[in-house]
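> Below you'll find the structure I mean.
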Amino acid sequence: MTHYIFGYGSLMNSASRQLTSQTSAAIPATAHGFKRYWGKVDDSYILSPLVVDRGEGSVNGVVLQVSDSGLAEFDRRERGYHRVSIAPEKLDCEQTFTSQDTVWVYIKDAPEPPCSLSPIMQTYVDTVLAGCLEISEQFAKQFVEQTVGWHFPLENDRHQPKYGNLAGVKPEHHNTIDALVAEARA
């Protein structure tokens with residue numbers, strides 16, 4: 001059996017996911033029948049990360065092949081979520097799946113919205129959007145459009161990062177990221 005993960009947040013960033021485990025190269029994909037939100041996962045998080053739940057809509061992200069041990073490492077990283085399989089016909093991507101393949105996604109049922117005690121963190125946004133920009137600026141715009149909750153509290157922690165898997169963000173990304181976020185929050 002071959003395992004794949006559909007990553008829709010920080011797992012889109014190659015440097016961030018390598019902090020957890022090795023994966024294949026990222027294959028851009030769209031998952032249908034899901035909705036992406038900013039939301040709380042559990043009380044151990046100091047920030048509100050991205051969460052996906054089943055619902056009307058589509059979510060862009062990446063498909064990553066992982067080993068059995070890599071899957072266990074990502075399960076630890078994604079604590080507070082639960083891993084469910086996605087039917088291959090719900091994914092638009094260039095990867096062909098066989099009956100021996102399983103595609104997983106980490107979801108959160110009924111996510112709670114961010115608040116001032118658990119806000120959206122800028123360094124998390126930076127990590128996710130830098131991952132999107134690895135694919136294209138259009139992919140990053142699609143991410144912003146397909147994410148609900150940009151109006152919730154956002155804390156700029158760039159001067160003192162609070163997000164533990166911050167990686168792969170270069171200063172030259174900041175202007176593009178800031179413009180995308182400003183448009184989303186307008």
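The values are calculated or read from the model by the stated rules, or taken from the named source; none is laboratory data. Computed from a prediction, not measured in an experiment: that's the story for all the values here. So basically every Cβ, Gly included, is an ideal-geometry build from the backbone, and we count neighbours across all protein chains shown. Please note that ligands, DNA and RNA were not included when accessible areas were found on the heavy atoms of the full protein model with its side chains. Shrake-Rupley method; radii C 1.70, N 1.55, O 1.52, S 1.80 Å.
> Quick check on the stretch 6-21. Is at least one of its residues surrounded by fewer than 20 Cβ atoms within 10 Å (Cβ to Cβ) and more than 27 Å from Glu137 (Cβ to Cβ)? Spell out the reasoning first.
So in the stretch 6-21, the residues surrounded by fewer than 20 Cβ atoms within 10 Å (Cβ to Cβ) come out as 14-15, 18-21.
Right, trim to more than 27 Å from Glu137 (Cβ to Cβ) and you get 21.
Yes; the residues of the stretch 6-21 include at least one that is surrounded by fewer than 20 Cβ atoms within 10 Å (Cβ to Cβ) and more than 27 Å from Glu137 (Cβ to Cβ).
> While we're on this one: All but one of (1) modelled with pLDDT of 95 or more; (2) in a loop (DSSP other than H, G, I, E, B); (3) open to solvent by 30 Å² or more (accessible area, probe 1.4 Å) hold for Leu166; which doesn't?
(1)
> If you take the residues of the stretch 67-121 that are over 14 Å from the mean Cα position of the chain (by Cα) and under 25 Å from His173 (Cβ atoms), which of them is surrounded by the fewest Cβ atoms within 10 Å (Cβ to Cβ)?
Cys93
> Only residues that are assigned to a loop (DSSP other than H, G, I, E, B) and surrounded by 17 or more Cβ atoms within 10 Å (Cβ to Cβ): list them for the stretch 22-44, please.
Listed by number, the residues that qualify are Thr23, Ala26, Gly39, Val41.
> Looking at the stretch 124-163 only, could you name the residues that are among the polar types (S, T, N, Q), outside any loop (DSSP other than H, G, I, E, B), touching a residue at least 12 places away in the same chain (Cβ under 8 Å) and surrounded by fewer than 19 Cβ atoms within 10 Å (Cβ to Cβ)? Steps first, answer last, please.
Quick first cut of the stretch 124-163, residues among the polar types (S, T, N, Q) only: 127, 136, 138, 142, 146-147, 156, 160.
If we keep only those that are outside any loop (DSSP other than H, G, I, E, B) too, we end up with 127, 138, 142, 147.
Narrowing further to those that are touching a residue at least 12 places away in the same chain (Cβ under 8 Å): 127, 142, 147.
Within the stretch 124-163, Gln142 is the sole residue that qualifies.
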